[in-house]
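Engineer: Submitted below is the structure of interest, expressed as structure tokens.
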Amino acid sequence: MAFETRRGTRGARQPSGRLLAWMNRWMMRRIRSGKGVGASTLVLNTIGRKSGAERQNPVTYFPGDRGPDSWLIVASAAGAAGNPAWFHNVAAHPDQVRIELGDREIPVTAEQLTGADRESARRSITSSSSPFAQYQKKTDRELPVIRLTPRQPGGPPH
């Protein structure tokens, strides 16, 4: 499973800072409590590609194309020239990703969509959420679309 997306040459400013960190913690508490934050959002648990430490990020998701237990996420970084840090972590350890939806914790496998699969998913996502169409307009980087599916029993531990 290869993950590839080149850095763009232009884009919005990558979200960062104390306010973002506070907002992410607040969002993750709401997601875990089942209260939600408006959009369909999950907590993405990854392993740091350099540190090996567990990392957590709230991420908007969209229904996947493989039934109710399939989710699509976009490494948009709000249209920044570079991918968000969580994308690099997923790319380094695609079989060690977990998601949290309310009180459910699900080990998943991550797969970057390409070609016709990516285009179909992108159309579905942008038709249901106009901000993602705007993010693509801000950068010349192709925004990665990642499919998350439940990991089969006996798969790698988290």
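Engineer: Is there a residue being of a type outside the set (Lys, Arg), at pLDDT 90 or above and on the phi < 0 side of the Ramachandran plot anywhere in segment 10-18?
Structural biologist: No, segment 10-18 has no match at all.
Engineer: Now for a different question. Filter segment 44-78 down to the residues that are under 18 Å from Ser128 (Cβ atoms), in contact (Cβ under 8 Å) with a residue 40 or more places away in the chain and not in a strand (DSSP E or B) and list them by number.
Structural biologist: Within segment 44-78, Gly64, Asp65, Arg66, Ser70, Ala75, Ser76, Ala78 meet the criteria.
Engineer: So, one more: When the residues of segment 1-41 are filtered to those that are in a loop (DSSP other than H, G, I, E, B) and among the polar types (S, T, N, Q), which remaining residue is farthest from Arg55 (Cα to Cα)? Before you say what the answer is, go through the steps one by one.
Structural biologist: Step one: of segment 1-41, the residues in a loop (DSSP other than H, G, I, E, B) are 1-11, 13-17, 34-36, 38, 40.
In the following step, the residues that additionally are among the polar types (S, T, N, Q) were identified as 5, 9, 14, 16, 40.
Numbers: Thr5: 21, Thr9: 27, Gln14: 18, Ser16: 15, Ser40: 20 Å.
The extreme case among them is Thr9.
Engineer: Specify which of the listed residues (Thr139, Thr126) is surrounded by 21 or more Cβ atoms within 10 Å (Cβ to Cβ), over 19 Å from Gly48 (Cα atoms), more than 14 Å from the chain's Cα centre (by Cα) and not hydrophobic (A, V, I, L, M, F, W, C).
Structural biologist: Details: Thr126 fails: surrounded by 21 or more Cβ atoms within 10 Å (Cβ to Cβ).
The conditions single out Thr139.
Engineer: With the requirement that a residue be farther than 21 Å from Ser16 by Cα and over 15 Å from the mean Cα position of the chain (by Cα), what does segment 53-71 give you? Write out each step before concluding.
Structural biologist: Within segment 53-71, the subset farther than 21 Å from Ser16 by Cα is 62-71.
Asp65, Arg66, Gly67, Pro68, Asp69 - these are the residues of segment 53-71 that are farther than 21 Å from Ser16 by Cα and over 15 Å from the mean Cα position of the chain (by Cα).
Engineer: While we're on this one: Name, by its number, the condition in (1) modelled with pLDDT of 95 or more; (2) assigned to a loop (DSSP other than H, G, I, E, B) that does not hold for Phe87.
Structural biologist: Just one mismatch for Phe87, condition (2).
Engineer: Is one or more of the residues making up segment 102-110 over 25 Å from Gly34 (Cα atoms) and surrounded by fewer than 20 Cβ atoms within 10 Å (Cβ to Cβ)?
Structural biologist: Within segment 102-110, not a single residue is over 25 Å from Gly34 (Cα atoms) and surrounded by fewer than 20 Cβ atoms within 10 Å (Cβ to Cβ).
Engineer: Additional query: Restricting to segment 96-138, count the residues that are among the charged types (D, E, K, R), at pLDDT below 95, over 18 Å from Met28 (Cβ atoms) and outside any helix (DSSP H, G or I).
Structural biologist: 0
Engineer: I've got another one for you. Taking interchain pairs and intrachain pairs at least six residues apart, which have beta carbon atoms under 7 angstrom, with the first residue in segment 7-26 and surrounded by fewer than 14 Cβ atoms within 10 Å (Cβ to Cβ) and the second part of a loop (DSSP other than H, G, I, E, B)?
Structural biologist: Close Cβ pairs (under 7 Å, with a partner that is part of a loop (DSSP other than H, G, I, E, B)) amount to Arg7/Ala81; Arg7/Gly82; Arg7/Arg141; Thr9/Ala81; Thr9/Asp140; Arg10/Ala81; Arg10/Thr139; Arg10/Asp140.
Engineer: From the residues in segment 8-31 that are under 17 Å from the mean Cα position of the chain (by Cα) and of a type outside the set (A, V, I, L, M, F, W, C), which one is farthest from Thr139 (Cα to Cα)?
Structural biologist: Arg25
Engineer: Can you tell me which residue is surrounded by the most Cβ atoms within 10 Å (Cβ to Cβ) among those in segment 35-47 that are at pLDDT below 95 and touching a strand residue (DSSP E or B) at 6+ places or on another chain (Cβ under 9 Å)?
Structural biologist: Applying the filter and picking the extreme gives Thr41.
Engineer: For the subset of segment 72-89 comprising residues that are surrounded by 20 or more Cβ atoms within 10 Å (Cβ to Cβ) and small (Gly, Ala, Ser), which member is nearest to the chain's Cα centre (by Cα)?
Structural biologist: The residue in question is Ala75.
The values are calculated or read from the model by the stated rules, or taken from the named source; none is laboratory data. This one's a predicted model, so the numbers in the text were calculated from it and none came from an experiment. Note that we place each Cβ from the backbone using ideal geometry, even for glycine, and neighbour counts take in every protein chain shown.
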